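> Handing you a structure now.
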Amino acid sequence: MNDQTIAHKQKKLTKQVAAFAQADTKNSMLQLLNTFIPFFGLWFLAYFSLNISYILTLGFTVAAAGFLTRIFIIFHDCCHQSFFKQKRYNNVLGFITGVLTLFPFLQWQHSHSIHHATSSNLDKRGTGDIWVLTVNEYKAASKWTKIAYRLYRNPFVLFILGPIYVFLITNRFNKKGAKRKERINTHLTNIAIVALAVISCLIFGWQSFLLVQGPIFLISGSIGVWLFYVQHTFEDSYFEADEDWDYVKAAVEGSSF
């Protein structure tokens with residue numbers, strides 16, 4: 001694809017998304033209502049259905065997981081400061097949705113901005129992305145690296161164990177070199193998550209809480225990782241070394257928009 005075609009695609013894409021590039025408070029509030037109300041409604045239905053049939057409970061949790069995924073999308077938009085016009089409101093809602101999705105707001109906002117600035121750059125991999133090796137890199141890798149890579153990208157590891165490891169464990173710790181404000185935000189998020197879990201266990205019982213929240217967490221986590229995976233990992237996706245990497249090409253050819 002030549003530069004002229006890339007420029008044309010970028011111009012066309014920019015024109016198509018222009019209407020959605022500005023925050024709309026009315027739509028934002030509507031999205032909060034049609035996301036949070038169904039999520040908590042389904043959560044309570046799942047809880048009350050425990051006395052009827054756990055199969056019915058699982059049905060409610062699958063639906064609730066879809067809305068929790070949507071809550072993460074709202075969290076994502078708050079990280080981009082695009083859900084509300086006011087930065088303060090984005091930060092507050094980002095913190096709340098971060099607690100519900102187990103993501104520290106400022107930590108993920110920082111790593112995600114790096115991801116956008118380096119996506120598809122082979123020399124700047126490792127922040128906010130899925131581990132990717134080129135064919136030549138894989139062929140030149142050691143036996144243990146090949147085994148680790150194949151295990152990492154095994155569907156069970158990537159979409160089941162991966163979300164558990166990232167959401168429950170690595171998200172609880174600050175990244176090396178994190179600024180004070182980011183570190184405090186991570187600690188406050190952890191405290192809020194623990195407090196919410198304890199309160200929920202006291203109200204509903206720890207077994208009922210786990211029977212409802214467990215499937216919701218696992219399903220939404222798998223969906224979230226899958227969405228990130230397919231966005232940049234597909235046939236003919238754009239990847240280049242730093243010296244040849246181009247931000248426009250990465251935006252147009254490197255994402256499955």
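> Name the longest site-free stretch of the chain, where the excluded sites are GluC sites (Glu not before Pro) in a DSSP loop with no more than 11 other beta-carbon atoms within 10 Å. Intermediate values should be presented prior to the final figure.
Numbers: sites that count: Glu235, Glu243.
Between the exposed loop sites, the longest stretch runs 1-234.
> Could you list the residues of the range 214-249 with an amide nitrogen less than 15 Å from a label point located 7 Å from the Cα of Val135 in the Cα-to-C-beta direction?
Inside the label zone: 234-239.
> Report the far tail of the P(r) of the chain, meaning the percent of Cα-Cα pairs longer than 23 Å.
Numbers: 19593 of 32896 pairs.
Result for the distance tail: 60 percent.
> Then there's this: Taking 8 Å as the Cα distance limit and 6 or more residues as the minimum spacing, I'd like the relative contact order of the range 21-103 as a percentage. Each step should come with its number before you reach the end.
On the way: 77 pairs, mean separation 26.4, N = 83.
Dividing the mean separation by the residue count of the range 21-103 yields 32 percent.
> If you count, for each residue, the other Cβ atoms within 10 Å and average over each peptide, how do 220-230, 46-56, 96-106 line up from highest to lowest? Write out the running numbers ahead of the final one.
Values: 220-230: 17.8, 46-56: 14.5, 96-106: 23.2.
Listed from highest to lowest mean packing, they are 96-106, 220-230, 46-56.
> Using r as the Cβ-Cβ distance of Trp144 and Arg183, and R0 as 41 Å, what FRET efficiency do you calculate, to the nearest 0.05? Mind showing how you got there, number by number?
Details: r = 34 Å, r/R0 = 0.82.
Computed FRET efficiency for Trp144 and Arg183 comes out at 0.75.
> How many nm separate the modelled label positions at Ile191 and Leu13, each set 7 Å beyond the Cα in the direction of the Cβ?
Between Ile191 and Leu13, the label points sit 4.2 nm apart.
> Taking the Cβ of Leu32 as the center, what net charge do the other residues with Cβ under 13 Å away carry, scoring Lys and Arg +1 and Asp and Glu -1? Could you put the intermediate results ahead of the total?
On the way: positive: Lys26, Arg70; negative: Asp24, Asp77.
Once all neighbours under 13 Å are counted, the net charge is 0.
> What Kirkwood Rh does the range 134-257 have if only Cα atoms enter the pairwise 1/r average? Answer in Å. The partial results should precede the final answer.
Numbers: mean 1/r = 0.0556 Å⁻¹.
One decimal place: 18.0 Å for the Kirkwood radius.
> Kirkwood Rh, the range 58-208, all Cα pairs: how many Å? Walk me through the numbers before you get to the answer.
Numbers: mean 1/r = 0.0570 Å⁻¹.
Taking the inverse mean of 1/r over all distinct Cα pairs, the range 58-208 comes out at 17.5 Å.
> Can I ask one more? Greater than 24 Å separation of Cα atoms is the criterion. Which listed pairs, Lys175/Lys249; Lys124/Lys179; Lys85/Lys176; Lys15/Lys85; Lys124/Lys249, meet it? It would help to have the intermediate numbers written out before the result.
Values: Lys175/Lys249 29 Å; Lys124/Lys179 21 Å; Lys85/Lys176 31 Å; Lys15/Lys85 21 Å; Lys124/Lys249 16 Å.
Over 24 Å apart, Cα to Cα: Lys175/Lys249; Lys85/Lys176.
> Using θ = phi - 60° and the Karplus form 6.51 cos²θ - 1.76 cosθ + 1.60, what ³J(HN,Hα) does each residue of the range 21-31 get, whole Hz, x for Gly and Pro?
Couplings: 7, 10, 5, 10, 4, 4, 5, 4, 5, 5, 5 Hz.
> Helix 206-232 versus the longest principal axis of the chain: what angle, 0 to 90°, nearest 10, using Cα atoms?
10
A short reminder: the numbers here are calculations on the coordinates, not readings from a lab. Just so we're clear, the structure is a prediction, and the values are computed from it rather than from any experiment. Cβ sites come from the backbone with ideal geometry, for glycine too, and all protein chains shown count toward neighbours.
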